[in-house]
Structures are given as C-alpha cells and as structure tokens.
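Okay, so here's the structure we're looking at.
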Amino acid sequence: MDCTDAFNEAYYGRPELLLDPAVRQACPAWDLVDDRVGARFEAALRRDLGSGAWDEAYGHLRVQSTYEGSLVVVRATP
C-alpha cells in the first residue's frame, strides 16, 4: 500500500499489521483512542491471532478480494 494516511479498512484481511504502532499512528482515528484502550486492543488482537481465534472467526477475510466498509476510496488519475 502506498497510502501514507492509512485507514482501518485497509487491514481487513491483515490484522497483524495493526500490531505495529507505526501502522496505527498512520491512521488518524487511533489518535482518538486512549492509550490504555489501545494497549487492551493490542493485547487482545495478539492473543486472538496467536491462538487462532481471529482466523477461526474472520479468516475468510484474508482471501476476500474486496471489503465494503465505511469508507470509499476515490483515486483520480491525470
């Protein structure tokens, strides 16, 4: 991805990337999340990825070619 202002929907099938603080910092929405809440999110996601619970519940997203989320990406070309 060459987007410097990330958005959560970009990681629908790659949740492990959200464990990287730099990835979360690139998404302005995370600025609104209290540090304690962010730490709980990270711990829960790390646990669920490690145990396989995330993939059991949402693994189909890893092979899904599109995702209809709350954002629309518009790309203009010259």
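The values are calculated or read from the model by the stated rules, or taken from the named source; none is laboratory data. Bear in mind the structure is a predicted one, so any value in this text is a computation, not a measurement. Because the Cβ atoms are built from the backbone with ideal geometry, glycine has one as well, and the counts that use them run over all protein chains shown.
Assorted remarks:
- In the stretch 7-39, the residues that are free of Cβ contacts under 8 Å to residues at least 12 places away in the same chain and either under 21 Å from residue 67 (Cβ atoms) or surrounded by 12 or more Cβ atoms within 10 Å (Cβ to Cβ) (or both): 10, 17, 20, 30, 33
- Members of the stretch 10-49 that are aliphatic (A, V, I, L, M) and touching a Lys or Arg at 6+ places or on another chain (Cβ under 7 Å): 18, 19
- Hits in the stretch 30-57 (condition: among the hydrophobic types (A, V, I, L, M, F, W, C) and touching a helix residue (DSSP H, G or I) at 6+ places or on another chain (Cβ under 7 Å)): 30, 45, 49, 54
- Residue within the stretch 43-52 that is touching a Leu at 6+ places or on another chain (Cβ under 7 Å) and at pLDDT 95 or above present: yes
- Residue 61 being in contact with a Pro (Cβ under 7 Å, 6 or more places away or on another chain) and surrounded by 14 or more Cβ atoms within 10 Å (Cβ to Cβ): no
- All conditions in (1) in contact (Cβ under 8 Å) with a residue 40 or more places away in the chain; (2) part of a loop (DSSP other than H, G, I, E, B) hold for residue 75, with the sole exception of (1).
- Boolean, residue 47 is in contact (Cβ under 8 Å) with a residue 40 or more places away in the chain and loosely packed, with under 14 Cβ neighbours inside 10 Å: no
- Residues satisfying the stated conditions in the stretch 34-67, i.e. under 14 Å from the mean Cα position of the chain (by Cα) and assigned to a loop (DSSP other than H, G, I, E, B): 67
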